[in-house]
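Shown next, in structure tokens, is the structure this report addresses.
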Amino acid sequence: VTGADTGRGRGPAGTAARTGKPCVTKHVTMDPNFAPWRKDAMNMGYNSVIGLPLLSDDKAFGVLTIYSVKPDAFDREEQTLLQDLADNLTYGIISLRDSIKREKAEADLKAAKADAELYLDLMGHDINNMSQIGLGFTELARNTIENEGKLSPDNIELLDRVEDSLKNISRLVDNVRKLRREKKGLYTPETIDVGAMVGGVVKQFPGIPGRNVNIVCNITAHCHVRANALLRDVFINLIDNAIKHSKGDLNVDVQVDRLDGDKKQYCKVTVEDNGPGIPDTLKNSLFERLYLSPTRPKGRGFGLYLTKTLVDDYHGKIRVEDRVPGDYSKGVRFVVMLPAIVPATSR
């Protein structure tokens, strides 16, 4: 509220807020404290004003101001009635605020419960399963050594499987840590050249022993978006999923385009492969975390959940579709749309 030592702090609203009591200007043409607003009031035909404080814990959080075309319109009785009106309005506002706070608290509690269930699911289900797989191959390797005195080249794969299980556990824990930090807003937003970043991600993937995996990156436009360092994980997860959930030869095509929408420009990144594809029955729920559901796509649950969460946080969209429309068995295409930063020269 404007201070009493300034002209605009001495009017009915400022005085009511400061004192916590009704303040009346009986004649706008005669009251010197109303000088800053006199011309406007007279132009609109107002001749008297009352300011009624809205009080909470004896402190004003607002003022109800009522104008009248009549001079000296607010006698003692009307002041009392109008203050009762202001008190009822105060009660309604406070009740609404409390309701909003309660709804927010309930929503926060629901979100916290969902997060707790998610992490319990991960710890009690996914990590436990990965550990059991690793222990199973460890036991097979030990039995082989006890029976044969060594691991032959044909059996050395048992140790590779143990290593894969440990890496999967480490990757899952790392993804959970990233998700928690992202939800807390601990990653600094920055301007990112998507084409350069995606090109760097593609170079991270080495050749796969025993497989012919060909990853091609086509950048038709260098567009910039507002995101953070975890944007890399979006495309690492998509490419990694294509490799992990396929066998034999594989082609992965990554393309970066810039699109002009109705009101926005977008950076569009597609990641498609000619692997086994994803049935229509799973497409709608692919990005959800399905707690302990036997229908959950094996291994896809949390990586794609993290991917969807990140894209949403960047105010973007992600969808999944068939590489060949109508035939999911020919491979899958992921489409990521991110709002592009429009260069100043093109605005």
### Task
Please report the relative contact order for the chain, taking Cα pairs under 8 Å with a sequence separation of at least 6, and give it as a percent rounded to a whole number.
10 percent
### Task
Tell me, for the chain, which Cys residues have no other cysteine's C-beta sitting closer than 4.7 Å.
Cys23, Cys217
### Message
Can you list residues from other chains, or at least 5 along the same chain, whose modelled amide H is less than 5 Å from the amide H of Leu64?
### Response
Leu52, Leu54
### Antiparallel bridge percentage (DSSP; both residues within the range 105-255; nearest 5)
40 percent
## Note on the structure
With every protein chain in place, the accessible area of Ile133 for a 1.4 Å probe, in Å² rounded to the nearest 10, comes to 90 Å²
### Task
From largest accessible area down, sort Val198, Val173; use a 1.4 Å probe on the protein chains.
Val173, Val198
### Query
Mind checking the dipole of the chain: about its Cα centre, +1 per Lys or Arg Cβ, -1 per Asp or Glu Cβ, Debye to the nearest 20?
760 debye
### Task
Ignoring everything but the protein chains, give the 1.4 Å probe accessible area of Asp174 in square angstrom, nearest 10.
60 Å²
### Query
How much net charge surrounds Lys104 when only the other residues with a Cβ under 12 Å from the Cβ of Lys104 are counted, with Lys and Arg +1 and Asp and Glu -1?
0
### Query
All other residues with a Cβ under 12 Å from the Cβ of Asn228 taken together, and with Lys, Arg as +1 and Asp, Glu as -1, what is their net charge?
0
### Query
What accessible surface, in Å², does a 1.4 Å probe find on Leu166, ignoring ligands, DNA and RNA and rounding to the nearest 10?
110 Å²
#### Entry: Global geometry of the range 158-231, whether rounded, prolate or oblate, following the gyration tensor of its Cα atoms and the 1.5 cut on a/c
oblate
### Query
Are any of the pairs Lys101/Lys184; Lys308/Lys330; Lys59/Lys183; Lys113/Lys283 more than 32 Å apart by Cα-Cα distance, and if so, which?
Lys59/Lys183
### Listed residues Asp253, Asp40, Asp31 arranged by accessible area, highest first, probe 1.4 Å
Asp40, Asp253, Asp31
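The values are calculated or read from the model by the stated rules, or taken from the named source; none is laboratory data. Since the model is a prediction, treat every value here as computed from it, not as a measurement. We place every Cβ from the backbone using ideal geometry, glycine too, and count neighbours over all the protein chains shown. SASA here: full protein model, heavy atoms, side chains in, ligands and nucleic acids out. Shrake-Rupley method; radii C 1.70, N 1.55, O 1.52, S 1.80 Å.
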